[in-house]
1. Just reorder Cys160, Cys104 by solvent-accessible area, largest first, 1.4 Å probe, all chains present.
2. Distances longer than 16 Å among the Cα atoms of region 45-114: what percent of all pairs is that?
3. Using the Karplus curve 6.51 cos²θ - 1.76 cosθ + 1.60 with θ = phi - 60°, what ³J(HN,Hα) values do you get for each residue of region 176-192, in whole Hz, with x for Gly and Pro?
Amino acid sequence: MGLPFTRDGKGDPVQRSDGQNLATSSDEYLVGRVAQGDAQAFRVLTDRHLDRTVTLARRVLGGAAEAEDVAQEAFLRLWQHAERFRPAEARFSTWFYRITVNLCLDRRRRPVHDTLENVPEPVDPSLDAVALVERSELGRLVARAVDDLPERQRAAISLCYDAGLSNAEAAAAMEVSVGALETLLVRARRALRATLAPLAPSDAQDGRRSRTGGPR
């Protein structure tokens, strides 16, 4: 069965003959329709979850080079195996992001290639040139710090912050206990703080030194 989706070719969600508006339907209803071969329902799910899926894949893989390929593969599996989803066992997002994380981890076990540079954020015209340079550099440093985390810590961070899952949902997506997920988050935050601490404004650092009695 072919994949009824292209990056630039969105379908038009319409009112179905049964009166169901796909655009406002739940993910769980839509995946049930996909299991019956409904391409319009598939496109609605794609529109809802593509950006977060690509972001999640980029985080886990440590770069953008293969993120869209993983997202395409995840949606292909959704189209081909939607009937495997069990709404009584998990939310759709938990089930689908588990597929995405597993695809990423599989790719990470392959020979490593250089990743593409992260695409910079859109420029805010209200910022002056110095502020733009500083923010762009800070964004790259933060992204690099996240990329340097172990892959499972990256996955935990992305599921909770990029995909917006609760700790319980993220744990289910990674097939670990909630306690194990929270341990990954604690370790990731600790590593990020250690890496990014030197980037704190000098006046904030001076204030901390003053409060601890250090030299100013």
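1. Details: Cys160 20, Cys104 0 Å².
Accessible-area ranking of Cys160, Cys104, largest first: Cys160, Cys104.
2. 44 percent
3. 10, 6, 4, x, 5, 4, 5, 5, 4, 5, 4, 5, 5, 5, 4, 5, 5
The values are calculated or read from the model by the stated rules, or taken from the named source; none is laboratory data. Being a predicted model, the structure only gives us computed values, none of them experimental. With ligands, DNA and RNA removed, areas are computed over all heavy atoms of the protein, side chains included. Shrake-Rupley method; radii C 1.70, N 1.55, O 1.52, S 1.80 Å.
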